[in-house]
């Protein structure tokens, strides 16, 4: 079986991503996050708004443990702010760089050293490129290390990733439930993470709204901090 060069599919994926950013400059998501712990399942509702480079995220815990606790993160195009319990904090430049680096990482930024396309495997009936290190054995793990990735052959989107923890534990993240949100553009509505084959978290997208007109500037102004009601947002933007 002839397999494409990894450079070709990463370059093609980058181009598709840039086209997506241009087609969807503004987006609002409501997601439910469930984290499994030994004591309790922690459920949070996450509302996020992205407009160009600006970003706002509200996370509120709805489970019994820490119920009602809310945290807001805002990026106003220059600085990152966190707001919790009425306290507003501007993050340091070092923290800002760390957040931006993490937020901007795409699957091609996660490739292990010497990554190669090893073959094709199916995930939910979709053919995927299996990408893994070129060496027979991965190098010694000094920090969380990406070991293998599965990339949808047609969409060139991440479907599954395997990483190795500091203590040798195996983490698997499975991305699924892809839905069309505009024209032929799809995004995943579910992400499930496993640790040594045990489910530890699930993130499910409950709603997705695209607004090419843009959101009010106050959403990205830490000085005008307020709780954003998603129903009011949709009514204001689309009525």
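The values are calculated or read from the model by the stated rules, or taken from the named source; none is laboratory data. Being a predicted model, the structure only gives us computed values, none of them experimental. Heads up, the Cβs are rebuilt from the backbone with ideal geometry, glycines too, and the neighbour counts pull from every protein chain shown.
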task: Search segment 72-87 for residues being modelled with pLDDT under 90 and part of a strand (DSSP E or B), and hand back the single one that is nearest to the chain's Cα centre (by Cα).
output: 84
field: Filter result (in contact with a strand residue (DSSP E or B) (Cβ under 9 Å, 6 or more places away or on another chain) and under 30 Å from residue 129 (Cα atoms)) within segment 11-29
entry: 13, 19, 20, 23, 24, 25, 27, 29
- prompt: residue 152: within 20 Å of the chain's Cα centre (by Cα) and either more than 23 Å from residue 13 (Cβ to Cβ) or modelled with pLDDT of 95 or more (or both), yes or no?
  reply: yes
task: Specify which of the listed residues (124, 109) is surrounded by fewer than 13 Cβ atoms within 10 Å (Cβ to Cβ), over 22 Å from residue 57 (Cα atoms) and either in contact with a strand residue (DSSP E or B) (Cβ under 6 Å, 6 or more places away or on another chain) or touching a residue at least 12 places away in the same chain (Cβ under 8 Å) (or both).
output: 124
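Quick one: which strands (runs of 3 or more DSSP E) lie wholly within segment 159-213 and hold at least 3 residues that are in contact (Cβ under 8 Å) with a residue 60 or more places away in the chain?
Fully inside segment 159-213 and qualifying: 198-210.
Determine which member of the set 237, 166 is modelled with pLDDT under 95 and over 28 Å from residue 118 (Cα atoms).
Of the residues listed, the single one that is modelled with pLDDT under 95 and over 28 Å from residue 118 (Cα atoms) is 237.
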- prompt: Can residue 106 be described as at pLDDT below 90 and closer than 20 Å to residue 50 by Cβ?
  reply: no
task: Determine whether residue 119 is over 26 Å from residue 32 (Cα atoms) and in a strand (DSSP E or B).
output: yes
task: Specify which of the listed residues (36, 30) is surrounded by 13 or more Cβ atoms within 10 Å (Cβ to Cβ) and touching a helix residue (DSSP H, G or I) at 6+ places or on another chain (Cβ under 7 Å).
output: 30
query: If we scan segment 64-71, do we find a residue that is assigned to a helix (DSSP H, G or I) and surrounded by fewer than 13 Cβ atoms within 10 Å (Cβ to Cβ)?
result: no
field: segment 109-148 - residue that is at pLDDT below 85 and under 21 Å from the mean Cα position of the chain (by Cα) and, of those, farthest from residue 169 (Cα to Cα)
entry: 112
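For segment 41-56, does any single residue satisfy the condition of being more than 30 Å from residue 198 (Cα to Cα), without any contact (Cβ under 8 Å) to a residue 60 or more places away in the chain, assigned to a strand (DSSP E or B) and in contact with a helix residue (DSSP H, G or I) (Cβ under 7 Å, 6 or more places away or on another chain)? Explain how you work it out, then say what you get.
Here is the first cut: in segment 41-56, the residues more than 30 Å from residue 198 (Cα to Cα) are 49-56.
Filter again for without any contact (Cβ under 8 Å) to a residue 60 or more places away in the chain, leaving 50, 52-53.
Of the ones still in play, those that are also assigned to a strand (DSSP E or B) are 50.
Next, from what is left, pick out any that are in contact with a helix residue (DSSP H, G or I) (Cβ under 7 Å, 6 or more places away or on another chain): none.
No: segment 41-56 contains no residue that is more than 30 Å from residue 198 (Cα to Cα), without any contact (Cβ under 8 Å) to a residue 60 or more places away in the chain, assigned to a strand (DSSP E or B) and in contact with a helix residue (DSSP H, G or I) (Cβ under 7 Å, 6 or more places away or on another chain).
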task: With respect to residue 38, determine if the residue is in a loop (DSSP other than H, G, I, E, B), closer than 26 Å to residue 158 by Cα and more than 18 Å from the chain's Cα centre (by Cα).
output: no
